Each structure stands twice: as C-alpha cells, then as structure tokens.
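Just below is one structure, and these are the notes that go with it.
Computed from the coordinates by the stated procedures, all read-outs in this text should not be read as laboratory data. This one's a predicted model, so the numbers in the text were calculated from it and none came from an experiment. Positions of Cβ are generated from backbone atoms using ideal geometry, with glycine treated the same way; all protein chains shown enter the neighbour counts.
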Amino acid sequence: MNAPSNLKYSKSDEWFDPSSGAVGLSDYAQSQLSDIVFVEILVDEGETVEVGKAIASVESVKASAEIFSPAAGKVISVNKGLSEKPETLNSDPYGAGWMIKVEGGTTGDVMESAAYVKYCEERTH
Amino acid sequence: MTYIPISPKERDEMLKIIGVGTLDELFDAVPKKHRFPKLNLPQALSEMEALALLGELAAGNENVREHMISFLGAGAYNHYIPAVVDHILRRGEFYTAYTPYQPEISQGTLQSIFEYQSLMANLTGMEVSNASHYDGATAAAEAVSLAHAQFRGKRKKIVMSPTVNPQYRAVIRTYTQGMGLEEAGDDPTADLEAGPEFLTQFIDDNTSLVIVQYPDFFGRIYDYAKLIDAAHAKGALVCVVANPTALIMLKTPGEMGADIVVGDAQPFGIPLWYGGPYLGFFTTKKSFVHKMAGRLVGETVDARGQRAYVLTLTAREQHIKRERATSNICTNQGLLALASAVYMSVLGKSGLQEVAELCYQKAHYAAAELSKIDGFGLCFSEPFFHEFVLCCPKPAGEVNQHLLENGIIGGYDLGEDYPALKDHLLIAVTEMNSREEIDTLLEALKEVSHD
Amino acid sequence: MTDISVSQNVKIVEPTVYELSSVGRRGVAMPASDVPETALPEKTLLRTSLPMPELAEVDVIRHYMHLSRFNYSVDGGFYPLGSCTMKYNPKINEDTCRLPRFIYTHPLQPIETVQGNLALMYEMQEWLKEISGFAGVTLQPAAGAHGEFTGVLMMAAYHKSRGDARRTKMLIPDAAHGTNPASVGMLGMSVATIPSDARGNVDLEALETACDDTVAGMMLTNPNTLGMFDENIEKVIKLVKDCGGLMYGDGANLNALLGIVRPGDLGFDVMHFNLHKTFSVPHGGGGPGSGPVGVSQRLVDFLPSPLVTIVEEGDDEAAPLYGFFTPKQTIGRMKAFHGHFGGGLVRSYTYIAMHGAEGLKDVSQYAVLNANYLQARLRKTYKIPYDRICMHEFVAEGQFEGSDVRALDIAKRLMDYDFHPPTNYFPLIVHEALMIEPTETENKDTLDAFADALIKIAEESLLQPELLHSAPHITPFGRMDEVKAARELVLCCWLPEGYDLEK
C-alpha cells in the first residue's frame, strides 16, 4: 500500500496535499473499490467546500462510494478529464487521479502518512 | 389445493431433525396473542373449480375482440399479436427465471434483453436503451429524475406540455412531490392549437427537462427540432414520450435531437390486459447512461472466450447505492421486453411497416368519413398518425353512450381532462379495425347527428 | 455505431437477431389494406430508414429456443434465492390470466363492460386486507419497490397533512433491502441506520436513542433478511409509534407469515405485497412484478387513486355495480391505468382461490419447515451466524477456516451440481453471506440433494480450492469479464455494416 509522506489523510480515505491544495482518493480506497468505472465531481470551480462535504461520487464494478472533502476552502480547480478516464483513479491515485484543488485549505481531522498506513492495516484484519 | 410436495411421513422426519415436535412450534417467536389468526377466505378450490370460477368472472366482461368494436386508444392500443410471441413467453425457461444475477446460467434472458435494448435504440434513433421500466408513465417520471440528477438538483423546474397524456402527467406529479420542483406549461386550459414552440416561453436557465409527446395526446405529429434547439440553448434536456407504432413510420426523436425518448411498448406484442402489465421503454444518449435508472445489459466475454452478456453498471442501482441511488427501481418488465423483442423480430422490417401503414391508412379513412357527418368534424388540422380528435354535436359522453348501445366503444372522452374539449372524442384506429367496423361506427354516428 | 464483428478470438455462441438478419427475408405478414389510400405525411416528417431485422418465423423461433436453453429456471430446477421466494408457478395461472375476456379488455372501457375485472379486483383488495389485517389496499403499484415508494409517499403525506413538517428521518435496520433507503432517498428524506443485536433482532437500545420527534417512521422487514422473526416486534413497534412515527413493513418476506400472523394486527401501518414472490406470479426473468400496498385506518385516505369500490349495492336479483373512486387525500397516481391486472392480479387471485385459509397457512408452515430442515442439515458444515429457529430463509457464511474459498466460489460451484446458487453477499451484515430460501414447493429429496452438494463443496474447498475458484465448469458459459462490460459499455448491437436498408 502506497501513502506518500507529503500528504495528509482522512479517516474516510481521502488525501490532501497541503502544498497544492489537491484532494483525491487514497491508494487503499481505490484498491478496496477495485475497478472504477465512473466518477462524477459534484462541485464546481468557485464554490466553497466545507470539511466533510461530498465532492465526488465514484462507482466501481461492484461498489459505489462518496468522496468527502478533507479540507475547507474555495475550489480553484476541478479535474475535468477524470470523468473520461475513471480508471485513472486506480492507476494513479496520487497523481493524475486528483479530483479538486482547494485554496486556503484548512483541514479537518487528518492523519500523517504513517498513522494512515497503520489505520488501513487495522481495517484489513 | 396446494403445491406442497412433502408427505406427512417426510414432514415428521424433518421435524425430528430440526428438533421440534410440530409445525406450530416453529412459530414460537410470533406474539402469542396474534399467532395463527383465522382468515376469513372462501373455501379452497380444486384446479377445475378455479378455472370455472375465473371463467365466470371473465364472463362479466365484454372484450374488444369478440364482443365489441372499439376505437379506444389514449395510451393502450388494440394490435394484433403474432402467435409466436406467446409461444415464446410460455416457455418456462424464460418466465420462471429470476433476474439474471448469475450470468453463467442466464444468458437466455441476458441476450434477449440486450437485443431488446438494441431494437429499442434503433427504433427511437437513440444510442442506448435500458432493460425497461414499469410502463410509459413511470418511464417519463424516471426521465425527470435523470434530468434532476444530471444537474445535481440545481435546476428546479420542469416544463411539460399539456398535450402529454394526462395520466403520465399525473404520475410525474406524484413521483416528484418530494423534489421541490416547479412545473410549468402543464395547463390543460391553455391554447391547445398553439403548437409546440409555445412551450419556449417557459424554458429558462433553471429548467432541467422539457417533456413533450409524439404524436401528442391528440394524435398530432410535430417536428420538435426547433423546440429542442430552444431548450438546448438554455442548457435544458428534452424528453419525448413516443408511441412505438408511430415511430415505425415517423422521423425519430433522435433525429430531432431529443435527449431522452420514453414511452409504452404495449402496442408491440403485449395484450391490453385491462391496463397492465405493460412495458415502459427508456432510451437516451450514451452520455447520460450513468444517470439512467433501471437495469442495463452489456456485452462482454466469459472465461472461455465466448461472447456473453451481463448486467452492467450495477453500482448505480439501489442494492449498492441505497439512499444515494437515482431510483429505487429493482425489477424491469423482463418478460414483456422479451415479448416486444419477439414482436419486432417476427414482424421484422416489412411486417412492422405494414402495421404502421395499416394504422395510418385506416385512421385517415375513418377521419375523412367521420368528418363528413353533419355536426361532426376534425378538431385539428395538423398531420396525425392513428389517433385524431373528433368534435361532436353534443357531449362526448352522450355520443359514447349511444355507441355503446350499438356494441361500439367509442373514443376517449376528452372533456374530463380538457375543459374546452367537452364535446370531443379521441378516436384511435389500428390494423385491427376493419373497414366494416369503421363503416358501422359511421352509421351509428349518423344516427347521433339526426337525433 | 459499434462494429458487430467482435474480435476474432471471441466465439459467438448464438448470433443476435441483427446478425441473423438477411435482406428481403420476412416473417409474419399483415393483411392488405381494405380502405382507400391516403397520401403519407410530407417527407420531412418521415424516418429515412428502419433498421429492424429481417427474419423468417422459423428463424425467430429457433433463435429464442436456443436462448431459452441457456437459462436456469424454477421449471428446470431448485432455485433457493434468499429474499426472492422462487416458488413453483402453477400452470393453471398461465391459463386463467390469458382468458380472452380478460386479455382483450381495454383499461378505459366503460365500467359496465368490465364488471368481471372490477369484481376480481375488488375481491382481491378484500382478500389482501383479510390476509394482512389492513384497512385498505391499493392494487396499483407495479412491483415491490414501486409499492415501497407508494408507502413512503403516503407516510410523508400523512405527516404533512398534520402539519408535522419536521418528520424527515426514516429508521432502517442495517439488514434491510437496498430498496428501503432508495425509496426514502427518492423523497429527499434522511436515513438513520439501526443495528441488529446478537440474536438478529433490532437493537432496542439503539432504536430508543434514534426515536425522536423528527422520525417519519421505520421501515422494517419482518422476518428480517436474516430470516429471523424479531422477538421484540411489539416493543419495536411501540417505540416507533410512541415517538409519533409510522411503521412500514417490507412484505418481501410475507411467505413466512400467511395465516401465521397479520402485520396489521401487530401494528404495522403500511406494507407492500410482492405478488410475484408470495402469491406465485412468475418472476419472468426480472419482471413484471406486482406490488399492492395495504394500509392501516389512519392512512386509507392517502391511498393512490383510483381504488375499486362498489358504486351501487346489489340485491338478491342484481349483482353490485363495481367502479372506481378517489380517496380524499390521495397521493395521486402511481402509474398509468390500474395496476398489473392480467399478469399479476389474475394469477394471484387464482392462487389464493385455490388455497383458501388453510392452504395459505400450509404454504408458510412448509416454507418455514423446509428452511429449518436445510439449516439443520448444514449447521455442522457451514457457520450460521444467527443460529436459532428461522422463518422461511436463513443465512450461512460461505467461508471456511484455512481456505481462501469465498461465497462467490461456492455459488458458482453449485451450478456444476445443477442448482441455482443462493443469494450471496446479502445481507451486508454477514461476511460472505449465503442466503438460502427453499420455499414450500420443494420436496425432501431435492432439499437433501442440495444439502449434500453444499457439504461436498465444503470438502472441495479444502482439498481442491482451484476447482471452486474457476467454477462453473459444466454450464454453457463460464465466469464473465464484468470489468470489460463496464469499461467498454457495449449496450446495443446494430445491423451489420453495409447492410442495405433501402431494399
């Protein structure tokens, strides 16, 4: 399981990049969902999001999930290409699989990489 | 009688293995006060008696094949069903199967639904079809849900033509009562001769969906291309409620640019059956497929390299998405989708064209002759397919009563839904109506005119 | 357009109707026109091509015969799908529902000409009321989920009519069918999930905490999807009612309760019937179903319109006149016309008429007997997480200590033994769930053969797990590539390229 150390992680498996403001879905979450076939970003550029707001909806072959924002702030960018290539969430969750970028992001209750890895390991047992 | 294949001896052996003495002991968890109520139901019948009882009940009906001549349509149509259709529906392999959740042993159902989807998409000129809805009215209501979801609930208005079937409009109102929508255009006292573009005034940036019917409830054929362009200019989607028999002949809503085409495929191989079950079809553009409710069959391959079919995009559906699903829909009308697919296949291109032409020709003969009778006339001048509005010299209810006394079920009395059309009948003519029947109607109406 | 010539490595077992099509071939023909010809509408109003297949009748019959052989069915074998009640579909029902005087009646005919239909519908309403203990019944809903939506709409309308606008929370147990929360979602209400306790009952403490003055009601399946009759059912209903909520009963599991207990007597306010489960309407490969809804006295005015009633009382000489009426505060119309008359009501009416009160009680008693018998036979081999006397179904775990075999593998392997698998991965609260509902129409030999197969498969899972992972082996098709289906989304086929549409 991959969890880059420069990112922060929420309990509901989203990551937040404090330097760029990007938000996405963790490697652990994408592997649990397995083959993702649909993603819809639920917020528009310019909108303000709160911590815990549903920002995207994801469907895989067997499951569906809502993605909640781990940070609060103004949405400055939305990854519009993602809906054309939802499998990007499986192949590159921390890169091309980013969903939105938030400006001035204050985060909610997030974990450092090591704590998140431990948290995921606990859940697999 | 019952269908329980367990002998008393076997029952006792089974109880022993379970570890209880009697059948009744299996129900100790049920509150004693209410356990084993005495039901007041008629004495059980044998199969022979049951058939006789149902025959007696049926004898209380007069039908539109053997007893009466009928010109009723208004959403349900009397068409010929080739014998092949029911022969296939009666195969236990089809009608006693469940939803094809286990594709390895359900390819019969899956491929036939895939073919149904293909036939429907081809008929409507759209890119995709789902595996069907309960009926045309609920399919139209699901179109509203699709548009609502497509705009993520941000557009709060739908525009509905008053010439959409009144029952469909009623169902849409029922379905949407929790959605906080504004409904515009749906005014049965509006000018019914205004043409479809009059809806344009209601369409704005807050409109998610515009709903029209084709041919409209009065049978009129309009090209909706301009209206659709106007709706698209405001970013709204357009749903066309269509009659499948008419689509055999007419320009497809797909060609006009429609986003969603729905309707009832009852005319395609499903008996009148006093109103149900029927078959709601739902076709749309591929880009809306994730927002479309209902089951969907897609092509794939199996582990042995064989082409096969599966239910796909199931994560959209209620059993996975639960309260976030667009719809709670669970069943489709599987067996009836099969009926309509068989109907389209066995009539084929030429047979279908013959059905449509017969409907058109006979309806036009009827319209031409009926409008010659003193006091009667065609209400509208637009082209029509197999239904038209006849204005009468007296209230439509009285005209129908006279016809009924002559063994004829007249048209649909429009006065109940449209206050301005109290003296108007909606007449439907299909390939089932012979010239003789039409002439009988003609003679009976002449008597009305002379009264 | 999608190219129909699938990649060359893929074997086509049965071509589609479009692939079978040949220019100029024809099936059923219509008679010649007997009226003078009228010109068609102007060309701009007509379609330019009709891409429909061209086949002979025999082509069509063979095609569908081939397809039918790929289906497993109740007529062909044991179908123990939990929650689906795949009972035998009596053949007489197929005849009664096709009587010409039923089948050729138009839904808008004058009521005087369809008194037989209306009498049947009226009596059906009365019978369902008697069976369930409710005060009113609508026959209109098209399926169980449609009935559920109808019920939730009535609950919302009831609270609204009392000016009780705050009640927007629906309590739903964690074991519930997905349709329950989805129905609530359609109305924009919120869902509060209530956990189950160790015996498979609603957790009373959690329920009590959730009960407040924002509760619209509770949607409860009883027996629940674990097959357990809630041992505290009266307490559950009292808690919900005391806080002002309404009690919705999911009738999916009514096959356990006929003549055993009436939901209305227990205090439920609404329940949908699944005529295609409990009352033997065939499932049709996924529909049509039929989902009448019963309600308690306080909801009768909210029923969908129209209902069937006696509009003129009869006497010794004349039968009553049946007709329609609209309830005072109706939620409106749920579908066009009057419900699934032919496919649903006539079949179920025939079924109830042949069973009577005692016969219906037998149905439920034997359905419960069969389920408990299977449970007893499998208990030593499969873990039963909620192990007590079950109702018409039970849930086992499809996994074994020391094996990587999963419920899915067991399900697929059962096909090799010529059984339809049980429902798997539902309810969600059991790991690797196998939900088994034998119904009352199976004999002991079949139940034994099924139990033997499951026990054998349990052995195989330890000795030859690969056999299970790659199952099924002897079915006409193997496991499917579901990812390909969802990614490529080929949802339609078209006429082959170059097909001459103008001919």
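Odds and ends about this structure:
- In chain B, helical runs assigned H by DSSP with n ≥ 4 each contribute -39500 (n - 2.57); averaged across all residues and rounded to the nearest 500, the mean residue ellipticity at 222 nm is -11000 deg cm²/dmol.
- In chain B, the inverse of the mean reciprocal separation of distinct Cα atoms equals 24.5 Å; this is its Kirkwood hydrodynamic radius.
- Distance from segment C:307-321 to segment B:300-326 (C-alpha centre basis), Å: 50 Å
- The reciprocal of the average 1/r between distinct C-alpha atoms defines the Kirkwood hydrodynamic radius, which for segment B:389-451 equals 11.9 Å.
- Estimated inter-spin distance, C:GLU19 and B:LYS286, nm [label 7 Å along Cα→Cβ]: 2.0 nm
- For the segment B:339-347, counting C-beta atoms of other chains within 10 Å of every residue's C-beta and taking the mean gives 6.
- Other protein chain C-beta atoms within 10 Å of residue C-beta, averaged over C:384-396: 1.
- Pairwise Cα inverse-distance average, inverted: Kirkwood Rh of segment B:317-380 (Å): 16.1 Å
- DSSP bridge pairs, the protein assembly as shown: antiparallel proportion in percent, nearest 5: 70 percent
- With viscosity 1.567 mPa s and temperature 4 °C, the Kirkwood radius over alpha carbon pairs of segment C:426-503 converts through Stokes-Einstein to a diffusion coefficient of 74 µm²/s.
- Taking only the Cα atoms of segment C:93-354, the radius of gyration and Dmax are 18.6, 61 Å.
- Shielding score for C:129-140, defined as the mean number of other chain Cβ atoms within 10 Å: 1
- Scanning chain B for DSSP H helices at least 24 Å long along the axis (C-alpha atoms) with a Kyte-Doolittle mean no lower than -0.5 picks out B:107-124, B:334-370.
- Considering only C:VAL261, C:GLN365, C:VAL308, the residue lying farthest towards the positive end of the dipole of chain C is C:VAL308, judged by Cα position with unit charges set on Cβ.
- GNM remark for chain A: springs join alpha carbons under 10 Å apart, and the peak mean-square fluctuation among A:LYS11, A:LYS53, A:LYS74 falls on A:LYS11.
- Whether segment B:278-423 is rounded, prolate or oblate, judged on the alpha carbon gyration tensor where a/c under 1.5 counts as rounded: prolate
- Chain C - share of DSSP beta bridges that are antiparallel (%, nearest 5): 55 percent
- Semi-axis lengths, Å, segment C:108-237, gyration tensor of Cα atoms, sqrt of 5 times eigenvalues: 32, 19, 13
- Relative packing of C:254-267, C:120-133, which averages over residues the other C-beta atoms within 10 Å, highest first: C:254-267, C:120-133
- Considering only C:ILE103, C:VAL184, C:MET271, and ranking their Cα positions along the charge dipole of segment C:93-354 that arises from unit charges at the beta-carbon of Lys, Arg, Asp and Glu, the one farthest toward the positive end is C:VAL184.
- Per the Debye formula on identical point scatterers at the alpha carbon atoms of segment B:1-118, with no solvent, log10 I(q)/I(0) at q = 0.12, 0.13, 0.23 Å⁻¹ is -0.98, -1.05, -1.26.
- Here segment C:191-292 was treated as a single set of alpha-carbon atoms; its pair distances binned every 10 Å from 0 give 15, 45, 29, 11, 1 percent.
- Largest-first principal axis extents of the Cα set of the protein assembly as shown (Å): 90, 73, 63
- Applying Stokes-Einstein at 25 °C and 0.890 mPa s to the Kirkwood radius of segment C:12-55, computed over alpha-carbon pairs, gives a translational diffusion coefficient of 177 µm² s⁻¹.
- Spin-label model distance (nm) - A:GLU50 vs A:THR106, 7 Å beyond Cα toward Cβ: 1.3 nm
- Isolated cysteines in chain C, defined as those with no second cysteine Cβ under 4.7 Å, comprise C:CYS84, C:CYS97, C:CYS390, C:CYS492, C:CYS493.
- Hz values of 3J(HN,Hα) by residue in segment C:108-119 - Karplus curve (6.51, -1.76, 1.60), Gly and Pro given as x: 10, 4, x, 4, 4, 9, 9, 5, x, 4, 5, 4
- The label point for B:GLN353 and the one for C:PHE325, both projected 7 Å from the Cα toward the Cβ, are 5.4 nm apart.
- Here segment B:84-343 is treated as a Stokes sphere of Kirkwood radius computed over C-alpha pairs; at 4 °C and 1.567 mPa s its diffusion coefficient rounds to 69 µm²/s.
- Straight-distance crosslink candidates among lysines, where the alpha carbon sits under 25 Å from C:LYS238 and sequence neighbours closer than 8 are dropped: B:LYS32, B:LYS33, B:LYS38, C:LYS129, C:LYS160, C:LYS169
- For segment A:13-109, the fraction of C-alpha pairs more than 17 angstrom apart is 41%.
- Globularity ratio of segment B:271-310, using Cα Rg and 2.2 N^0.38 Å: 1.75
- Adding -39500 (n - 2.57) for every DSSP H run of four residues or longer, then dividing by how many residues chain C holds, sets the calculated 222 nm ellipticity at -10000 deg cm²/dmol.
- Packing here is the average count of other Cβ atoms within 10 Å per residue, and on that basis the peptides C:380-390, C:491-501, highest first, run C:380-390, C:491-501.
- Within a Gaussian network of chain A (alpha carbon springs, distance under 10 Å), most fluctuating of A:GLU103, A:GLU40, A:GLU84: A:GLU84
- For chain C, the alpha-carbon radius of gyration amounts to 1.11 times the rule-of-thumb value 2.2 N^0.38 Å expected for a compact globular protein.
- Peptides C:159-171, C:300-312, B:208-220 ordered by packing proxy, namely the average of other Cβ atoms within 10 Å per residue, highest first: B:208-220, C:300-312, C:159-171.
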